[in-house]
Structures are given as C-alpha cells and as structure tokens.
Amino acid sequence: MNRRTFLVTATSSGAALAIGGCNESNHQAIDYSKHPRKSNKLKHININRNKKVIIKLATSWPAHFPIMGSGVEKFAQRVKDISGGSLEIKIYPKNVLIPALAVFDACSSGQIDAFHSGPYYWKGKNSSFSLYSGIPFGFTAEEINSWMTFGNGLKLWREQYKKYNLHPFLGGNTNIQMGGWFRKPINSLADMHGLKMRIPGLGGEVFSKIGVNPVLLPAGEIYTSLERGVIDATEWVGPALDIKMGFYKIAPYYYSGWHEPGSILELTFNKHSFSKLAFEHQSIIEVCSSEMNANMTSEFHHNNIYALQKLKDLGVTLSNFPEDVNSAGKKALIEVVDELSSKNRDFAEVYADIRDYLDLSKSWSNISLKNFLNER
Ligand code: CA
C-alpha cells in the first residue's frame, strides 16, 4: 500500500479525508515500503471502531490559546472525525496535568503519549534542539519546512529525539516574528547596550553578545515587568499574538526582527505510544499533523495582517533596527554558533547541514522571492 492508495481507500470508506486540504507532500512518519499490508481493499482497514484508543496530549499553551492552542484542538477534532471516533486525542493545556515546560520529560517517560510545544525549550538537554526551531538570520517558514521534509531536518531531529524515546512531527510555524517592543526608540547599537529584554533561545544569546541583558520570563509576567520598568523591552511573536498582550500601551516602539524568522512548533509522540497504534491511526495522525502544520502557518499570516492594521490604527511606531544593530547581530551569530559547535558535536552536525542548505536556499530565494517583494 502506498501513501496515495491509503488516502483514496480511506476516502472511499466514507471517512472525511480531504486530500486537497492537506499538505500531501509533507510526509513525515511512515516508511510505506516496509509496511506489510500491500492491498488497498477496504477489508484491510484495520480500525476497530468499537474499541476507542485515547491519546493523552499535553501542551505548553493555556486552554484555547489563539492559533497554537486552537490549532491543536482542531487537529484533535479532525483525528476523531476521520477515525470515525476510534482515535481520540485528549488535550491537557499547560499546567492542567503537566507544567508547560515539563511536557518533554513527561512524554519521554510515558506519563503522557504526546505533546505540542517548541523544540528550543529543550536546548538545556541538547543545544542542537534550538536549531530545529530556527535560527537568527536563518530559514523562513517555507525554507525550514523544505529542509525538514525534503532535506535532512526531520531525519536528524528524529535520530536525536529517539534517544529520549520520542518521535516528532512538524506541528505548525509562527512565520516570521517581530523584533520586539521597546519603551524607547533604538537609533543605534549604543541604544541596545544594557537593555533588559525578554528574549529566549539562540536569539537571546545573539542579543546578549551585542550588549543586551536577556531575561527569561513566563508569559504572565511580561506585561507587568515591562510596565514597571523591570525590563525595557520584550519580543513575543508577531502582531496577531502581541496585540492581545497589550504591549503597545507601554512600549510603543515596535521593530521588525531577524531572531526568529520561521520558528516551528512540534507535535511529538512517545515513540512506544505511536508505534503501538494501528497503521491506519498512525496514518491519520500523519495526515492531520501535516494539515495542522500548514493551517497554523497560514493562520499566523492571516491574523498578523489584520492585527498589524489595528496596531497602526492605535498609533504604534513601526521601524527596522538600525544597520549597526543588524550587522552586529550577524557577527554575534557566528560567534554563538562557533562556540556551541565546539562544545557539542550534535550542534555542529545539525548546524553544518543547515548552513549548507541555507546557502543554496538563499541563492534561490534572493533571485526569486526577495526581488519580487522588492518590486511588488
Ligand atoms: Ca518569540
């Protein structure tokens, strides 16, 4: 049975698989050539509809959190619908069952079957994991999806997560993020020196090299810290989510960014939990995760365009960072990746693969998309 015959079979059985609505090329999970079932006849569909399988999935987001939280809820509903109710994803928002940043360990140990989060949260386990979220001045959303799916990204990621008994899928992309909200304007690199700024991941390490003091704060504490002057600036995501945080009221200078140009989100399964699922259930998860990945990426873009207009109407000052900030950031990135590569062979291996792919990708993106955007 190949991928297309399964899709056709499931559709003809009355299941609601919408091939056109899914990113069919974004196959992620199953080596079909090794699967023993070769026939596409309906009698080989092997789901027992009288025996419901329940997957416990914890997220790092609050209940009904826009885009990320609601996207996972839609994913769970699609899985339930397409499986005829035989596979149910039970969602536990952050802190309901597992603390937001403990989902990796909880899934690794088998306490839960799956989680939805972001790989750079686990860089303390292996610094190379931050590379799967994306890197400053690195991949756009489209480029990282290409590297993940058709380059070596997903292969490298799965090899490394395997050591933790985990099996990741692409689970969305924030699309390009904004550089952040500042209480005072940034006119030159000197204005960055000594600023206390909430910024995580590799972006935080790069900002640290150019004189910023990066601070890690949970989402619920950012606004009050900014309001009271405990921090001078914060990045978050982009207009769609930033406007809901209200930062524009207290830090009205909003800068475009390069620290998270296409951060991916992950849908990760406990390897044993996933492998014991029926082939059909595995396939439904694969297809629905591809759909979630595509939809969440588009939803960020869609919501950003309307939220940006609202922010303009509210009088927010939009700017780019000055050129000396950008050039210092590029120089700092080289120092950061050199240091991390010398300390961790995994980081060196993944970064080398990214660098080679990105060099080729930039050559194409610059001649095509960049020129087009400049002319549009
Ligand atoms: Ca961010």
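The values are calculated or read from the model by the stated rules, or taken from the named source; none is laboratory data. Owing to the predicted nature of the structure, the values given are computational and were not obtained by experimental measurement. In this analysis, Cβ positions are derived from the backbone assuming ideal geometry, glycine residues included, and neighbour counts consider all displayed protein chains. With ligands, DNA and RNA removed, areas are computed over all heavy atoms of the protein, side chains included. Shrake-Rupley method; radii C 1.70, N 1.55, O 1.52, S 1.80 Å.
With a 1.4 Å probe and all protein chains kept in place, how do His272, His167 rank by accessible area, largest first?
In descending accessible area the options line up as His272, His167.
Using 27 Å as the Cα-Cα cut-off, could you pick out the over-long pairs in Lys163/Lys330; Lys74/Lys271; Lys94/Lys209? It would help to have the intermediate numbers written out before the result.
Numbers: Lys163/Lys330 33 Å; Lys74/Lys271 23 Å; Lys94/Lys209 32 Å.
Check vs 27 Å cut-off fails for Lys163/Lys330; Lys94/Lys209.
List the residues whose amide H sits under 5 Å from the amide H of Glu266, counting only those 5 or more places along or on another chain, with H placed 1.01 Å from N in the peptide plane.
For Glu266, whose amide H was placed from the backbone, the distant partners under 5 Å are Ser117, Gly118, Gly171.
For the chain, what proportion of DSSP beta bridges, expressed in % and rounded to the nearest 5, is antiparallel? Working shown, then result.
Numbers: 16 of 33 bridges.
Beta bridges within the chain, antiparallel portion: roughly 50 percent.
Could you sort Lys184, Lys271 by their accessible area in this structure, using a 1.4 Å probe and putting the largest first? Please report the intermediate quantities before stating the final value.
Numbers: Lys184 155, Lys271 70 Å².
The ordering from most to least exposed comes out as Lys184, Lys271.
May I ask you to evaluate 6.51 cos²θ - 1.76 cosθ + 1.60, the Karplus curve with θ = phi - 60°, for each residue of segment 168-182 and list the ³J(HN,Hα) values in order in whole Hz, giving x for glycine and proline?
In residue order, the calculated couplings are x, 10, 5, x, x, 8, 6, 6, 4, 9, 7, x, x, 10, 10 Hz.
Per DSSP H run of at least 4 residues, take -39500 (n - 2.57); add these up for the chain, divide by its residues and hand me the 222 nm value, nearest 500 deg cm²/dmol. Display every interim value, and only then the final one.
Details: 14 runs with 167 residues, N = 376.
It lands at -14000 deg cm²/dmol.
When only the heavy atoms of the protein chains count and the probe is 1.4 Å, how do Asp356, Asp191 rank by accessible area, highest first? Show your work: numbers first, answer last.
Values: Asp356 90, Asp191 60 Å².
Putting Asp356, Asp191 in descending order of accessible area: Asp356, Asp191.
Please list 3J(HN,Hα) in residue order for segment 194-203, calculated via the Karplus relation 6.51 cos²θ - 1.76 cosθ + 1.60 where θ = phi - 60°; whole Hz, with x for glycine and proline.
x, 5, 8, 9, 6, 7, x, x, 4, x
Compute the angle between helix 345-365 and the longest alpha-carbon principal axis of the chain, please, reported from 0 to 90 degrees and rounded to the nearest 10.
That helix lies at roughly 80 degrees to the long axis.
Charges at C-beta only: +1 for Lys and Arg, -1 for Asp and Glu. How large is the resulting dipole of segment 104-243 about its Cα centre, in Debye rounded to 20? Provide the component values of the computation, followed by the final result.
Numbers: 12 positive and 12 negative charges, 68 e Å.
Dipole about the Cα centre, nearest 20: 320 debye.
Which residues in segment 334-376 have a backbone N closer than 20 Å to a point placed 7 Å from the Cα of Asn213 along the Cα-to-Cβ line?
The answer is none.
Ignoring ligands and nucleic acids, what accessible area does Lys370 show with a 1.4 Å probe (Å², nearest 10)?
Counting only protein heavy atoms, the figure is 110 Å².
Taking 25 Å as the cut-off for C-alpha to C-alpha distance, list the pairs among Lys331/Lys362; Lys125/Lys343; Lys244/Lys370 that go past it.
Lys244/Lys370
Treating the angle as unsigned and between 0 and 90°, give the value, to the nearest 10°, between the Cα long axis of helix 3-12 and the longest Cα principal axis of the chain.
So the helix axis and the longest Cα principal axis differ by about 70 degrees.
For an R0 of 25 angstrom, estimate the FRET efficiency from the Cβ-Cβ distance between Gln111 and Glu73 and round to the nearest 0.05.
Calculated value: 0.70.
Let a ≥ b ≥ c be the square roots of the eigenvalues of the Cα gyration tensor of the chain; is it rounded (a/c under 1.5), or, if not, prolate (a/b larger than b/c) or oblate?
Working: a/c = 1.85, a/b = 1.71, b/c = 1.08.
Since a/c reaches 1.5 and a/b is larger than b/c, the shape of the chain is classed as prolate.
Helix 323-343 sits at what angle to the longest principal axis of the chain, using alpha carbons and giving 0 to 90 degrees rounded to 10?
Compared with the principal axis, the helix lies near 50 degrees.
When ligands, DNA and RNA are left out and all protein chains stay put, how many square angstrom of accessible area per residue does segment 99-237 have with a 1.4 Å probe? Present the calculation step by step, with values, prior to reporting the outcome.
On the way: 5030 Å² over 139 residues.
Per-residue accessible area for segment 99-237 comes out at 36 Å².
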